[in-house]
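Report on the structure given below.
The values are calculated or read from the model by the stated rules, or taken from the named source; none is laboratory data. In this text the structure is predicted, and so the values were computed from the model without any measurement. Here Cβ is always computed from backbone atoms with ideal geometry, including for glycine, and neighbour counts include all displayed protein chains. Calculation scope for accessible area: heavy atoms of the full protein, side chains included, ligands and nucleic acids excluded. Shrake-Rupley method; radii C 1.70, N 1.55, O 1.52, S 1.80 Å.
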Amino acid sequence: MKISLNWLSNYIDVEEFKKDTEQLSVILTSAGLEVDGIEDMAKDLNHVVVGQIKTLDSHPDADKLTLCQVDVGQEGLQQIICGAKNHKAGDRVVVALPGAVLPGNFKIKKSKIRGVESLGMLCSDSELGFAEDSEGIRILPEDAPVGQAFADYSGLDDIVFNLSVTSNRADCLSHLGLARELSCILNRPLKNIENSYEKYNFKTSDTIKVELKDNEKCPRYMALLIKDVKVEESPAWLKSYLKNVDVNSVNNVVDITNYVMLEYGQPMHAFDLKHLEGSQINIQSLTEKTEFVSLDGTKYELDNNELAICDSRKVVALAGIVGGQNSGISESTQNLVLEVAHFKQKPVRKTSRALGIDTDSSYRFSRGTDINEMPSVVARAAHLIEGLCGGKVSGEVIDCYPNKITKKDITVEFAYVSERLGYSINGTEFVGWMKRLGCEVIKQDEASVTVQAPSWRHDIEIKEDLVEEHCRLNGYDKIPETLPPLSYEPLKHDASYLQNKHTYQFFAKQGFHQAVNYNFVNKSTNSEFIGDVQAFKDCGFIVGDQEVLLQNPLSEEYNMMRPSLFASLFKNVLTNYRSGLNSSKIFELGRVFADGETGYKESNHIGLVSWGKTVNLWTQTSSPQVLHLKAVMENFLTSLKAKSWSWKKWDSKVAFMHPARTATLFFQGKNVGYITELHPKIKQDYKIREDVAFAEFNSDLLMQGFPRKPKVTEVSKYPAVERDFSFVVDKAVVSDEIKTFIQKSEKKLIVKVEVIDSYSGEKLPADKHSLTYRVLFQDKEKTLTEDIIKKMHSEILNKVQEKFQ
């Protein structure tokens with residue numbers, strides 16, 4: 001929100017801040033209105049003045065140049081050489097004298113052009129930074145005072161503050177609103193705003209019929225007829241005010257509506273009466289699809305729920321957002337209808353976002369406007385149109401306001417304010433602040449006060465809001481700094497916080513980078529990679545019957561809630577791989593979503609992806625990425641103090657999974673996720689030449705019971721014995737199956753089983769491979785004898801041979 005200091009001074013005395021802008025910045029920031037920037041509009045116009053060409057001759061050595069003697073209000077004339085063709089003797093012009101620095105760091109100094117001295121430059125709009133291109137120099141009106149600084153003459157001797165206004169402070173989205181705020185803070189009176197006008201003896205209702213058909217979305221609507229207006233260029237002062245806050249001048253009527261909006265914070269609109277068919281204005285929600293063309297010529301297909309302003313046949317404006325091209329003000333306009341309305345925030349915001357239209361009007365209506373200020377806004381606009389457009393204003397304002405809105409009384413005890421702020425407050429001082437804020441005091445005694453908040457403060461509804469306002473206005477620095485009493489045991493950390501912290505720290509230590517992705521994905525991309533999400537049921541994911549599509553997506557790139565982390569992580573892989581990162585590891589802890597019979601569900605997942613080559617530090621050999629992820633995940637399970645898990649081969653039909661290199665993790669009696677290598681076809685389609693592996697797990701299931709209390713057992717005093725077993729089995733037999741089988745064969749004495757080698761080659765049949773296991777035996781009560789070890793050794797051989805052939 002841009003605020004002009006010159007404009008603001010029309011409503012409150014802020015003259016001293018023109019020389020000390022930093023002080024005003026501190027005051028506003030301390031009151032909760034953060035100042036993002038301060039712009040001195042005149043900084044590029046030093047040494048730029050109004051001049052008059054006294055004589056004009058040809059350059060003695062250049063046919064296309066003129067030699068001008070220019071009066072700039074100083075003793076003697078300035079000789080200036082000019083290359084433009086649109087000037088003559090007697091013209092008032094803009095003169096940049098030596099020492100001026102124009103936009104683009106263009107320094108003006110004494111110079112010689114073709115041997116003739118030139119003491120400045122006659123400026124065009126483009127050289128002054130007012131336009132990208134211009135033909136000829138700027139010619140000023142005949143009454144422009146010679147010698148006056150051009151910044152003063154053009155109204156550019158201004159300071160503009162760029163404020164960051166929070167969504168709850170819609171009252172500060174205007175110059176008058178900010179003046180009210182400063183009046184409260186500085187305890188200064190507001191100046192009166194002139195809004196009187198001559199009321200002519202004709203009624204608005206005799207010419208046009210206004211019908212408020214939806215007073216739920218539009219509680220109040222006002223209309224005023226103004227006849228015999230002359231639409232033309234706005235006066236310089238009006239254009240200057242608007243330009244300083246980045247609003248383009250259109251014509252005097254449109255400029256007045258913009259001016260009043262920026263003055264009061266109340267958007268308004270003007271309709272050309274001759275374009276309102278049937279001389280009707282209907283405020284209604286649309287009931288059928290309609291095409292609408294906005295003022296800038298953009299076509300929109302309206303649904304059947306937008307609030308619109310219509311005549312007897314067509315939509316002439318989208319309520320609170322933008323006017324229609326079919327009813328706008330033009331040079332041919334003679335009679336107009338002025339509209340001032342109060343539209344509810346929700347329907348304006350919804351329509352604005354659905355259609356992607358962001359205007360000054362929708363910005364203000366979506367944050368809230370003051371319904372009680374509307375009569376003043378109508379009067380102010382009528383006053384300006386009468387003065388600048390020569391209009392005749394009707395003596396009747398149509399005011400449709402069927403259900404009056406009033407603010408509730410708020411009672412607060414002074415003791416309560418002191419308790420909440422942590423220091424004792426003075427009741428009289430508190431009431432003083434409330435009055436300066438604009439509150440009406442309904443009742444007051446020694447212990448409490450009852451007030452009614454001003455209509456422009458939508459954010460003041462309960463007593464806590466009054467406490468907050470007092471704290472803000474009286475100064476946050478008044479709150480004493482005290483340590484809290486440490487009389488209670490600190491609360492335990494939330495379990496989910498501990499789980500997430502453990503996950504982040506573990507994978508970071510494993511060399512993974514964390515990804516933080518949107519919870520949204522593209523529907524078509526998701527379908528390409530995953531296909532039928534029902535396939536995920538086999539790996540323990542919560543899967544719904546329907547995709548969770550967004551009704552109002554930020555863009556079509558993000559139009560559904562993700563059912564898996566894969567699509568997001570694959571996008572991360574592509575971005576990094578195509579940027580030259582041929583090897584890396586990423587993890588994400590995020591949410592996935594499903595739509596089932598009982599409604600929407602979401603669950604937490606851990607996603608891992610690794611690509612490139614993983615080289616062993618000692619052997620300098622690389623292993624498949626899928627095995628690397630498997631080892632990382634097993635280490636993670638160990639860090640959770642999990643006791644038993646297994647990997648099961650999964651013949652998945654999911655499009656991105658390798659058909660022969662995919663497994664599910666079986667943990668605590670159920671599948672909790674998958675590990676896979678990227679399908680060769682996808683690698684080929686996306687031109688990925690490196691090994692890529694993905695893993696994804698339901699962390700809600702993995703983390704059940706975490707953090708687990710460690711179970712401590714006595715270390716055996718007796719030695720352990722190792723034995724290696726090699727089995728030649730069908731390749732269809734997975735190594736983990738034999739490993740789990742051996743562990744269960746003698747739980748008491750077998751401490752550990754691990755796979756130490758796998759071989760397939762020339763010495764074995766093509767459908768066979770050799771798996772070697774190392775088994776650790778140990779008894780906690782006695783030393784294992786050779787006979788016992790031989791017996792267990794033989795039993796393992798026989799059982800495995802019988803089970804797995």
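General observations
- Considering only alpha-carbon pairs that sit under 8 angstrom and 6 or more positions apart, the relative contact order computed for the chain is 8 percent.
- Rg to Rh quotient for region 48-153, alpha carbon positions, Kirkwood Rh: 0.93
- Kirkwood-based shape ratio for the chain, expressed as Rg/Rh from alpha carbons: 1.13
- FRET efficiency estimate (nearest 0.05) - Cβ-Cβ, Asp700 to Ser735, R0 25 angstrom: 0.30
- Cα extents of region 721-804 along the three principal axes, largest first (Å): 45, 20, 20
- Taking the charge dipole of the chain about its Cα centre, with +1 at Lys and Arg Cβ atoms and -1 at Asp and Glu Cβ atoms, the residue from Ala631, Asn552, Leu276 reaching farthest to the positive side is Ala631.
- Positive-end residue, region 721-804 charge dipole about Cα centroid, Cβ charges, pick of Leu771, Thr785, Gln801: Thr785
- Förster-model FRET efficiency, 41 Å R0, Lys443 and Tyr488, C-beta, rounded to 0.05: 0.55
- A Cβ-based charge dipole, computed about the Cα centre of region 311-426 with Lys and Arg at +1 and Asp and Glu at -1, lands at about 520 debye.
- Legend: calculated FRET efficiency, Lys43 to Ala508, from the Cβ-Cβ distance at R0 = 56 Å, rounded to 0.05, equals 0.70.
- Angle in degrees between helix 21-30 and the longest Cα principal axis of the chain, rounded to the nearest 10: 50
- Expected 222 nm ellipticity per residue - DSSP helices of 4 or more, -39500 (n - 2.57), all of the chain, to 500: -8000 deg cm²/dmol
- Segment Gln79-Asn517, extension gain: residue separation times 0.36 nm, minus the distance between their alpha carbons: 151.2 nm
- When the surface is traced with a 1.4 Å probe over the full set of protein chains, Met261 keeps roughly 10 Å² accessible.
- Accessible area of the chain belonging to carbon and sulfur atoms, whole % at 1.4 Å probe: 47
- Averaging Cα coordinates gives a centre for region 1-50 and one for region 546-621; these two points are 49 Å apart.
- Partners of Lys711 within straight-line reach, counting lysines whose Cα lies under 16 Å from its Cα and excluding those fewer than 8 residues away in the same chain: Lys641, Lys643.
- Cα gyration tensor category, rounded, prolate or oblate, for region 479-589 with a/c compared to 1.5: prolate
- Angle between the chain longest axis and helix 252-264 axis [Cα atoms, degrees, rounded to 10]: 60
- Spacing of the two label points (7 Å from each Cα toward its C-beta) at Lys110 and Lys227, in nm: 6.6
- Couplings for region 474-490, taken from phi via the Karplus curve 6.51 cos²θ - 1.76 cosθ + 1.60 with θ = phi - 60°, read 6, x, 5, 5, 6, 5, x, 8, 9, 6, x, x, 8, 9, 10, 5, x Hz in order; Gly and Pro are left as x.
- For region 495-702, the solvent-accessible area with a 1.4 angstrom probe is 50 square angstrom per residue.
- Hypothetical label at Tyr423: residues of region 455-472 whose amide nitrogen lies under 19 Å (7 Å Cα-Cβ projection): 466-472
- The heavy atoms of Asp71 offer some 40 square angstrom of accessible surface to a 1.4 angstrom probe.
- Accessible-area value, Cys439, 1.4 Å probe, nucleic acids and ligands omitted, Å²: 10
- Stretchable slack from Ala131 to Arg661, in nm (0.36 nm times residue separation minus alpha-carbon distance): 184.3 nm
- Distribution of pairwise C-alpha distances over region 254-331, 5 Å bins, in %: 3, 15, 25, 25, 19, 9, 3, 0
- Neighbour cut-off at most 11 other Cβ (10 Å), DSSP loop, GluC sites (Glu not before Pro), region 564-603: Glu597
- Angle in degrees between helix 786-804 and the longest Cα principal axis of the chain, rounded to the nearest 10: 60
- Taking a ≥ b ≥ c as the square roots of the eigenvalues of the Cα gyration tensor, region 661-752 is oblate, since a/c reaches 1.5 or more and a/b is not larger than b/c.
- Average accessible surface area per residue within region 364-447, 1.4 Å rolling probe, Å²: 49
- Full extension of the chain between Lys763 and Lys670 gives 29.6 nm of extra length, using 0.36 nm per residue less the Cα-Cα distance.
- In this simple spin-label model, placing a label point 7 Å from the Cα along the Cα-to-Cβ direction at both Glu746 and Lys643 gives a separation of 2.1 nm.
- Positive-end residue, the chain charge dipole about Cα centroid, Cβ charges, pick of His513, Asn474, Ala379: His513
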